[in-house]
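The values are calculated or read from the model by the stated rules, or taken from the named source; none is laboratory data. Nothing here was measured: the structure is a model prediction, and the numbers come from that model. Cβ coordinates were reconstructed from backbone atoms using ideal geometry, including for glycine residues, and neighbour counts include every protein chain displayed.
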Amino acid sequence: MPRQDRLPPMQALTMFESAARLASFTAAARELGSTQPAVSQRVVQLEEALGAPLFERGHRGVTLTEDGARLFEAVRHALDTIRVATAEIRARRTPQTLTLSTDFGFATYWLMPRLSQFKALMPDVDVKIVTSQNVFDASHDEADIAIAFGDERADWTARGAVKLFPERVTPVCSPAFLAAQPSLCSPSDLLSLPLLHLEPTHPARWLSWADWFAAHGLDAPAAHGGITFNSFTLVAHAAIMGQGVALGWAPLVDELLATGQLVELFEPPVVTERGYLLVTQRAATPAVHAFRQWLLGECGLDTE
C-alpha cells in the first residue's frame, strides 16, 4: 500500500502550479517550453495519484477545485521557498561586483589611499572604478554607486543623495615655490603669480580663481602666464612640481598638505553649497550596502 505522504513527481507539481496560476494548460505549456498535451497528461497523472480532481475543465480554460486550490497554495509557497534558497546559494557562489563612478581627483587623492581598507572588509568583491570629469547623469550612468561633485539642492536629493564633503577651497603651492616668494603674505599678492587653473564648465560646476578673488574683494587678473588643465590630478601635480599656485579642494589635498608636498597659503577657505555627494544608483546588494556603510564611516557620517 503506497504511503499517504509520498510526494508526487516534481515535474508534475511544476506543471500543475503553472497551469493553476495561468488558468490555462496552453499558457502553462508556453511558459514551460512544453506542449499542451504534455501538461494535460502530467496533471491527469497527478490527479490520479491523489485520487481527486484538481481542475474543472471548461471551453475558456480551467479553474481550480477546492482540493486544487489547497494544493496550489502549498506548491506555490514551496516553489517560492526553493527559488529564494537557490538564488541565495547562487549569489554566494557568484563573485560580487561593485562599479563606482567618480572624478579623477577624488579617485586619485581620496579613494585610492583608502581602497585597501574596503577590500580588507570585502575581499571577495570585484571593484571597478570609472572616472570622468563630465556632468554626472543619474539616468544614464551605469555605476552601482556614484561619488559626484555638485549641488545638493539639485534633484539628487530625491535619489537619496548624501553630502560627503562641502566645497572648501584654499590656494596651495609647493614649499619650494613658497620659499621663492618671500613677499607673499596676502590674497592680493597672488595677482602677479602664475596660477594653475582647472578647466571651467558652463554653467560653472566648481569654484574658479575668479570666484576665489571675488570672495576676497578682488578682481581676477587677466589670463596670462597661467596653465589650464582638464583634470584636478594634473593641477595638483603641477602645483607639487612648483609650476604655480593652485586652488586646493578639501579633502583632496588633505594628504598632500599632511605630507608636506603642498602648503596652504591663506585661511579661512572659501566654502560653497556644492560638494561631493554619494548617490546610490542600484538596488542595495550586499556589496553596495557594505561600501556605502564603509564610505559614510570614513567620512565621519552617521551610517544608520
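For every residue, the table says whether it meets (1) in contact with a Pro (Cβ under 7 Å, 6 or more places away or on another chain); (2) assigned by TED's automatic domain parsing to the domain that holds residue 145; (3) of a type outside the set (D, E, K, R); (4) in contact (Cβ under 8 Å) with a residue 24 or more places away in the chain.
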residue: 68; (1), (2), (3), (4): no, no, yes, yes
residue: 72; (1), (2), (3), (4): no, no, yes, yes
residue: 80; (1), (2), (3), (4): no, no, no, no
residue: 105; (1), (2), (3), (4): no, yes, yes, yes
residue: 108; (1), (2), (3), (4): no, yes, yes, yes
residue: 111; (1), (2), (3), (4): no, yes, yes, yes
residue: 118; (1), (2), (3), (4): no, yes, yes, yes
residue: 132; (1), (2), (3), (4): no, yes, yes, yes
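Among the listed residues 220, 210, which satisfies the condition of being within 36 Å of the chain's Cα centre (by Cα), in the same structural domain as residue 264 (by TED's automatic domain parsing) and among the small types (Gly, Ala, Ser)?
210
When the range 187-203 is examined, which residues are found to be closer than 17 Å to residue 248 by Cα and without any contact (Cβ under 8 Å) to a residue 12 or more places away in the chain?
Selection gives 200 alone.
If you go through the range 244-267 one residue at a time, how many are farther than 15 Å from residue 110 by Cα and either without any contact (Cβ under 8 Å) to a residue 60 or more places away in the chain or in contact with a Cys (Cβ under 6 Å, 6 or more places away or on another chain) (or both)?
Looking only at that region, the number is 1.
With respect to residue 246, is the statement that it is part of a helix (DSSP H, G or I) and at negative phi true?
Criteria not met by residue 246.
Within the range 37-68, take every residue that is exposed (fewer than 13 other Cβ atoms within 10 Å of the Cβ) and of a type outside the set (Asp, Glu) and give me the one that is farthest from residue 25 (Cα to Cα).
Among those residues, the one meeting the criterion is 51.
Consider residue 250 carefully, then state whether it is within 21 Å of the chain's Cα centre (by Cα) and closer than 23 Å to residue 113 by Cα.
Judged against the criteria, residue 250 is not a match.
Do we find a residue being among the acidic types (Asp, Glu), out of contact with any His (no Cβ under 9 Å at 6 or more places or on another chain) and either more than 18 Å from residue 108 (Cβ to Cβ) or not in a loop (DSSP other than H, G, I, E, B) (or both) anywhere in the range 167-179?
Yes; the residues of the range 167-179 include at least one that is among the acidic types (Asp, Glu), out of contact with any His (no Cβ under 9 Å at 6 or more places or on another chain) and either more than 18 Å from residue 108 (Cβ to Cβ) or not in a loop (DSSP other than H, G, I, E, B) (or both).
Can you find a residue in the range 219-235 that is at pLDDT 95 or above, surrounded by 15 or more Cβ atoms within 10 Å (Cβ to Cβ) and closer than 13 Å to residue 170 by Cα?
Checked the range 219-235: no residue is at pLDDT 95 or above, surrounded by 15 or more Cβ atoms within 10 Å (Cβ to Cβ) and closer than 13 Å to residue 170 by Cα.
Could you list all residues from the range 258-294 that are part of a loop (DSSP other than H, G, I, E, B), of a type in the set (S, T, N, Q) and assigned by TED's automatic domain parsing to the domain that holds residue 128?
Once the filter is applied, which keeps residues that are part of a loop (DSSP other than H, G, I, E, B), of a type in the set (S, T, N, Q) and assigned by TED's automatic domain parsing to the domain that holds residue 128, the range 258-294 yields 281, 285.
Being surrounded by fewer than 16 Cβ atoms within 10 Å (Cβ to Cβ) and either in a helix (DSSP H, G or I) or not assigned by TED's automatic domain parsing to the domain that holds residue 265 (or both) is the filter here; which residues of the range 189-207 pass it?
Passing the criteria: 189, 191, 192.
Just the residues that are touching a Leu at 6+ places or on another chain (Cβ under 8 Å), over 20 Å from residue 185 (Cα atoms) and aliphatic (A, V, I, L, M), please, taken from the range 210-239.
Listed by number, the residues that qualify are 227, 235, 236, 238.
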